[in-house]
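Presented below is the structure to which this report refers.
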Amino acid sequence: MTPDAATVDLVCAACDRPLEIGRVVASYMGQTFPVDLPRCPVCGFVYVSEELASGKMLKVEQALEDK
Amino acid sequence: MDPAQVKAWEARCTEEQPPACRAACPLRVDVRAMAEKMKAGDFVGAYAVYATVVPFPAILSHVCDHPCEAACRRAEAGGALRIRALEQACVEEAYGTARRVIQKARKPKRIAVVGAGLAGLTSAFDLAMKGHAVTVIEADAHALETLRHAYDETILPASAIEVEIGGLAKLGVTVNCRARVTAGDGPLGLDTLVAGNDAVLLALGARPASAFAEALRLNDSGRIAVDPETRTTSRPGVFATGLHERLGTAWSPLRSITDGRRAAASIDRFLQGASLTAGRDEETGTCLYVNVTAHAPQPPVAAAQPGGAYTHAEAMAEAARCFPCRCLECVNACAYLARYGAYPKRYVREIYNNDSIVMGNRKANRMIDSCTLCGLCAELCPNDLAMGEVCLEARRSMVRRGKMPPSHHDFALRDMAFARSDEVTLARHQPGHDASAVAFFPGCALAGSSPDHVARLYAHLCGRLSGGVGLVLDCCGAPSHWSGRETLHAEVRTGLVATWERLGRPTLITACASCLRHMDDLHPDIEVRSLWPLLAEVGWPEGARAAIAGPLAIHDPCAARHDAASQDAVRKLAAGLGATVHELGGAARTTCCGFGGLVTFANPEVADAIVDRRIGESDDDYLVWCAMCRDSFARRGKRAAHLLDLAFPAADGGDPAERPDPGFSGRRDNRRRLKVRLARDLWGDDVSEPADPSRERRLIIDPAVRADMERKLILVEDVDRVVLHAETTGQKLKDPRTGRSIASARLGSLTCWVEYEVGPVGVVVHRAYGHRMTVESSS
Ligand code: SF4
Ligand SMILES: [Zn+2]
């Protein structure tokens, strides 16, 4: 689940800092795994693009649901 | 799932039964597969099918007595397929193209076959193919001597015989002619053969065998006594053919080949030390259901050549007359069953396997949740197999074991919870009454689709019925039933019974066919009636006329497939409005609109395929009497009017068949407003208009964005909550290129994202999407 470069231009409105790719934890159906996603280096707000949500992330969700 | 029940379901589907031709053929030639290839011109492929079971194609294709043709179902529609002639044309063109692969026997054995007739040579062929060493001993000068004299050269050319004998030699079979085997221990004595081989087959043909009287037990007619099932003789290791004669049937090449094949199978079992009897039922017959009436009669193709042999083109045309025999009655009628490329027998097995998986992927989950439970398959199936029953039981099992994928039904269950919430439910006596003889239960679909109809219909019923007409706005619990949530479903039912008790046990009158089915057995004392027959009794309001002039094709809700009283009443009511209505194949064979079984949520593509297929059945506007059906058709762009649209047209004079699908958000708003409107207008309650999220925050959502949200099952109120959360906490992202805000909030089990822009007149929503997975910064 790697983000495309374009999404990283976003800025955290609360901290006024551009998002940076960082290690975050994704969880679903009791499973957790680390992924690199754009997030605010200060407050940790993680961004999930629509492309990711309806693409790879959806695939993983479905695979976990069918386990 | 109960394995016995699963077996019973499987047994009902006839699709895997052999076609009649194959069942009638003692060699089980797959004629259906051959014909399918030949009609496409693939004679080589057809030959491969033929040659897998026929030992001497060049011979048999000329002289087979084709019991298959007597069984062919095409006979009922123009004349049986000329199967033997097809096989001859196929062999003629493709002889020898199939490579024969000799199996590797783990321990090759030596077998002596006495007699080079068709039976003996078939045994030799089969045993050689199994990898054994076979020697054939023949008293006559040539192999297949009888056959050479039995037919005219024009029927069976000598070359056909030679080529097959040559083929046998290539398999390594040795044929020694002019050698007569006798009893005793001479060089060609039976004892010598028994001593020198692992098994001996006496394929002497239908003749007395007094020469072996000392060695073997003979029967009353002086022939070797043979066990009809196993072809064993009185001497271990010695087998015999010739049984067909004993059965009193005339000599035929096909029977000889069958006889030899059976003996070879016994010998192979004997050589492996296996049981000669286990699992050898030669069951014939078939119960494959074939809807012959679906095929127009077509006479057999006549061969131009004298003698009746087909040319390539003639054979292709004749092969095309094969239906082919299949059942698939349900699959042909159901977009869901067609979707997964097989048929119920296979599906039941897959569903059962899915249910039994302990570790690993449950690949059939979505398939199980894609059935609308509409009952059409059972209607069409010769054995009434209902895939809905299978899928519902599987869903319940998934829920019980915690294996139901949450995403499939979450939204529908949330929506049901909303439909049961205080915000939209109501249960009251008619204004000015303190008892209800009956209570109108419109169902949440009608309230969501056209609240105005609920209000006007209720007023009408109050005016025509005495004893107090109560009103119940609630949900029958169909979604909990369809999703296999038994506990939740029981809870919904208990709630409904309590409401009914509170109103003094009135007769419930419902406008929804699904509600009728789901509430029918709520309580032994509850009487639930369909609105439509009652309405037919009390009549429409004075002067009601159909608001549509053109012809209407009537679509009945699948839940009312067997509700003849409602079906009749609806047709009478439509006629009473002056509408011109015609059938779409009749109520019993109606299809689902795609909403049933919650398929819209679990598998929108299948739901769309189902409704689109129905839409394709007529260009006329559809007349429906289920609000969910109407919204489904409207969503897919089909002009459809509810019966109530005809009788109670909108005040603004809008085209009743063009009323748009309100969508999930719209249905919620409609239900909210309905409750407020009725409480205020009928009961004089002091209530304010419900908060409309899009108005309060002034969300501006383009229709295309709204449609996209619908598709993703994101409600306007979800978007509103995300924006509210972002604007009050300041937690959001900014896109410096566009100036837009991007925010998210966790709503139940979904993270909802909204990209928006705060403008001068309101919040412009650019897009919304969601995911179920959570993501958090590690620290
Ligand atoms: S209708 Fe369907 S379930 Fe019934 S026998 Fe035919 S293929 Fe099988
Ligand atoms: Zn921040």
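Given the structure, is B:Val358 closer than 30 Å to B:Gln5 by Cα, among the hydrophobic types (A, V, I, L, M, F, W, C) and either surrounded by 14 or more Cβ atoms within 10 Å (Cβ to Cβ) or within 14 Å of ligand 1 (Cβ to nearest atom) (or both)? Please lay out each step first, then the result.
Numbers: closer than 30 Å to B:Gln5 by Cα: yes; among the hydrophobic types (A, V, I, L, M, F, W, C): yes; either surrounded by 14 or more Cβ atoms within 10 Å (Cβ to Cβ) or within 14 Å of ligand 1 (Cβ to nearest atom) (or both): no.
No.
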Next item on the list: Working only within the stretch B:145-200, note down all residues that are in a loop (DSSP other than H, G, I, E, B) and of a type in the set (Gly, Ala, Ser).
Entry: B:Gly172, B:Ala179, B:Ala183, B:Gly184, B:Gly186
Next item on the list: Answer with yes or no whether B:Leu373 is more than 14 Å from chain A (Cβ to nearest Cβ) and under 30 Å from A:Asp66 (Cβ atoms).
Entry: yes
Check: Can you tell me which residues in the stretch B:175-207 are more than 16 Å from B:Asp140 (Cβ to Cβ), free of Cβ contacts under 8 Å to residues at least 60 places away in the same chain and surrounded by fewer than 18 Cβ atoms within 10 Å (Cβ to Cβ)?
Finding: B:Ala183, B:Gly184, B:Asp185, B:Gly186, B:Pro187, B:Gly189, B:Asp191, B:Thr192, B:Ala195
Checklist line | Qualifying helices (runs of 4 or more DSSP H) (wholly inside the stretch B:667-779; at least 1 residues being within 16 Å of ligand 2 (Cβ to nearest atom) and under 23 Å from A:Leu10 (Cβ atoms)) | finding: B:716-729
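Mind counting the residues in the stretch B:426-474 that are among the acidic types (Asp, Glu) and under 26 Å from B:Glu491 (Cβ atoms)? It would help to see each step written out before you state the result.
Here is the first cut: in the stretch B:426-474, the ones among the acidic types (Asp, Glu) are B:434, B:452, B:474.
In the following step, the residues that additionally are under 26 Å from B:Glu491 (Cβ atoms) were identified as B:474.
Of the residues in that region, 1 qualify.
Among the listed residues B:Ala553, B:Ala641, which satisfies the condition of being touching a Pro at 6+ places or on another chain (Cβ under 6 Å) and part of a strand (DSSP E or B)?
B:Ala641
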Check: Within the stretch B:78-105, can you find the residues that are touching a residue at least 60 places away in the same chain (Cβ under 8 Å) and of a type in the set (A, V, I, L, M, F, W, C)?
Finding: B:Ala80, B:Leu81, B:Ile83, B:Ala85, B:Leu86, B:Ala89, B:Cys90, B:Ile102
Next item on the list: Any chance you could count how many residues in the stretch B:341-355 are closer than 15 Å to B:Gly402 by Cβ and either surrounded by fewer than 21 Cβ atoms within 10 Å (Cβ to Cβ) or away from chain A (no Cβ under 13 Å) (or both)?
Entry: 1
Margin query: Need the failing condition index for B:Gly279 against (1) closer than 24 Å to B:Val54 by Cα; (2) surrounded by 13 or more Cβ atoms within 10 Å (Cβ to Cβ); (3) small (Gly, Ala, Ser), just the number.
Written below: (2)
Item checked: Given (1) farther than 18 Å from B:Leu27 by Cβ; (2) touching a residue at least 24 places away in the same chain (Cβ under 8 Å); (3) among the β-branched types (Val, Ile, Thr), index of the condition B:Thr241 fails -> (1)
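Looking only at the stretch A:23-33, filter to residues that are at the interface with chain B (Cβ under 7 Å from one of its Cβ atoms) and surrounded by fewer than 20 Cβ atoms within 10 Å (Cβ to Cβ); which one of those is nearest to A:Asp66 (Cα to Cα)? Walk me through how you get there before you give the answer.
Start the filter on the stretch A:23-33 by keeping residues that are at the interface with chain B (Cβ under 7 Å from one of its Cβ atoms), which leaves A:23-28.
Applying the additional criterion that residues be surrounded by fewer than 20 Cβ atoms within 10 Å (Cβ to Cβ) yields A:23, A:25, A:27.
Numbers: A:Arg23: 26, A:Val25: 21, A:Ser27: 15 Å.
Per the criteria, the residue is A:Ser27.
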Next item on the list: Starting from residues that are away from chain A (no Cβ under 14 Å) and in contact with a Gly (Cβ under 9 Å, 6 or more places away or on another chain), keep the ones in the stretch B:396-414 and report whichever is surrounded by the most Cβ atoms within 10 Å (Cβ to Cβ).
Entry: B:Ser397
Next item on the list: Output the residues belonging to the stretch B:727-778 that are closer than 17 Å to A:Ala26 by Cα and within 8 Å of chain A (Cβ to nearest Cβ).
Entry: B:Ser744, B:Thr751, B:Trp753, B:Gly770, B:His771, B:Arg772, B:Met773, B:Thr774, B:Val775, B:Glu776, B:Ser777, B:Ser778
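If I go through the stretch A:36-48 residue by residue, how many of them are surrounded by fewer than 20 Cβ atoms within 10 Å (Cβ to Cβ) and either hydrophobic (A, V, I, L, M, F, W, C) or at the interface with chain B (Cβ under 9 Å from one of its Cβ atoms) (or both)? Give the steps one after another, and end with the answer.
Residues of the stretch A:36-48 that are surrounded by fewer than 20 Cβ atoms within 10 Å (Cβ to Cβ), as a first pass: A:36, A:41-44.
Now restrict to residues that are either hydrophobic (A, V, I, L, M, F, W, C) or at the interface with chain B (Cβ under 9 Å from one of its Cβ atoms) (or both): A:42-44.
Selection size over the stretch A:36-48: 3.
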Item checked: Subset of the stretch B:556-602 that is β-branched (Val, Ile, Thr) and assigned to a helix (DSSP H, G or I) - its residue that is nearest to B:Glu393 (Cα to Cα) -> B:Val599
Check: Looking at this structure, is B:Leu674 farther than 30 Å from B:Gly432 by Cβ and touching a residue at least 12 places away in the same chain (Cβ under 8 Å)?
Finding: no
Item checked: Residues that are within 12 Å of ligand 1 (Cβ to nearest atom) and closer than 25 Å to B:Asn603 by Cβ, drawn from the stretch B:315-335 -> B:Cys327, B:Leu328, B:Glu329, B:Cys330, B:Val331, B:Asn332, B:Ala333, B:Cys334
Notebook entry, point to check: (1) closer than 30 Å to B:Gly539 by Cβ; (2) surrounded by fewer than 18 Cβ atoms within 10 Å (Cβ to Cβ); (3) among the charged types (D, E, K, R): which one isn't true of B:Asp422, the others all being true?
Noted result: (1)
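Throughout, read-outs are computed from the coordinates displayed, never taken from laboratory work. Note that this is a predicted model, so its numbers are computed, not measured. Because the Cβ atoms are built from the backbone with ideal geometry, glycine has one as well, and the counts that use them run over all protein chains shown.
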